[in-house]
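Inspection log for the structure reproduced underneath, given as structure tokens.
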Amino acid sequence: MMKQSLLPTTLVLLVSLLYSISSAALISPATAPVQPTPALTPPVAAPTKPVVPTLPESPSDNTPDTAGTADIVGILRKAKSFDIFIRLMKTTQLVNQLNSQLITIKSGGLSILAPDDSAFSELKPGFLNSLSDAKKLELLQFHVLPDYVSSSNFDTLTNPVRTLAGNKPGKVELNVISYGGSVNISTGQVNTTIGGIVYTDKHLAIYKVGKVLLPSDFFPSKTIAAAPSLAPATATDAAKAPKPDREKPSSSEDSSESSQVVPTATSTARRINVCATWVCLLGGVVFVAVFTT
């Protein structure tokens, strides 16, 4: 009897529960489907090379000091396209001097103006082979400044700029003009610009230049050749040379000579005839006188 009374109650509770669930589903809004989050792409890295001709700023005070650890040949070989410049620095042993100077340096530094292989290809064929070892060394020393010059301090240099090639006014001179981030270099024979920074720290700066810097000392000054002198004429040539015409007298001489009587052949003949006539007359008188006596 009790089981029959519980059955209707249970059915009523189940119907009420189903109705409440369906009502809640109708009242609550439908949720939007979850869209997948797109993967973030890493930003493109900025170019490491400076924009030409504008040069980047010099290293700040926080830049680590690498003096004594920089290898010039290793830096140039890593930058590529400097094979000829590296070979010349090795054959002249200039690289050993520069590396030793960097090891012992405490203040200041070096600045190298390095032409790449394309710059050497613009030289005349056989030009490098025609130079002696001393001239090759001087050529490379002309590309090295004995001071550290940052990219922002080229406008503070005083022309002519001193190089390791020494001080030879008019022969080994380097003039630098910096304007608006562009650095122009002139040697008197070559004009070029700095195309970018190869390496820089607090003691060493290596810059790429567009041409090989040729000092005026490698090109002798042009002298005006003296006009060839005429050889003295020999006696045979003098005999063969035509004699100049008799110079005409000037107007004063003409007037003086015109006032004088110049004897001619006709007047001379007349004088001879007169003399002959007188001789005949005297001869006739003498003959008559002798005959009459």
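Some points to look at:
- Of everything in the stretch 168-191 that is of a type in the set (S, T, N, Q) and in contact (Cβ under 8 Å) with a residue 24 or more places away in the chain, the residue that is farthest from K106 (Cα to Cα) is Q189.
- Of the residues making up the stretch 117-172, those that are open to solvent by 30 Å² or more (accessible area, probe 1.4 Å) and of a type in the set (D, E, K, R) are D117, E122, K124, D133, K135, K136, D147, D155, R162, K168, K171.
- Check on S150, without any contact (Cβ under 8 Å) to a residue 12 or more places away in the chain and assigned to a loop (DSSP other than H, G, I, E, B): no
- Among the residues of the stretch 68-116, those identified as of a type in the set (S, T, N, Q), open to solvent by 10 Å² or more (accessible area, probe 1.4 Å), under 25 Å from K135 (Cβ atoms) and outside any helix (DSSP H, G or I) are S81, T92, Q93.
- Any pair with Cβ under 6 angstrom, 6 or more apart, that starts in the stretch 108-137 at a residue that is under 27 Å from V149 (Cα atoms) and ends at one that is in a helix (DSSP H, G or I): A114/F85; D117/D83; D117/I84; F120/I84
- When the stretch 174-195 is filtered for residues that are at pLDDT below 85 and surrounded by 15 or more Cβ atoms within 10 Å (Cβ to Cβ), only G181 remains.
- Residue match in the stretch 86-105 (condition: touching a residue at least 40 places away in the same chain (Cβ under 8 Å), small (G, A, S) and within 24 Å of R162 (Cβ to Cβ)): no
The values are calculated or read from the model by the stated rules, or taken from the named source; none is laboratory data. All of these numbers come straight from a predicted model, not from anything done at the bench. Virtual Cβ from ideal backbone geometry, glycine too; neighbours counted across all protein chains shown. Ligands, DNA and RNA are stripped out before the accessible areas are found, and what is left, the full protein with its side chains, is counted by its heavy atoms. Shrake-Rupley method; radii C 1.70, N 1.55, O 1.52, S 1.80 Å.
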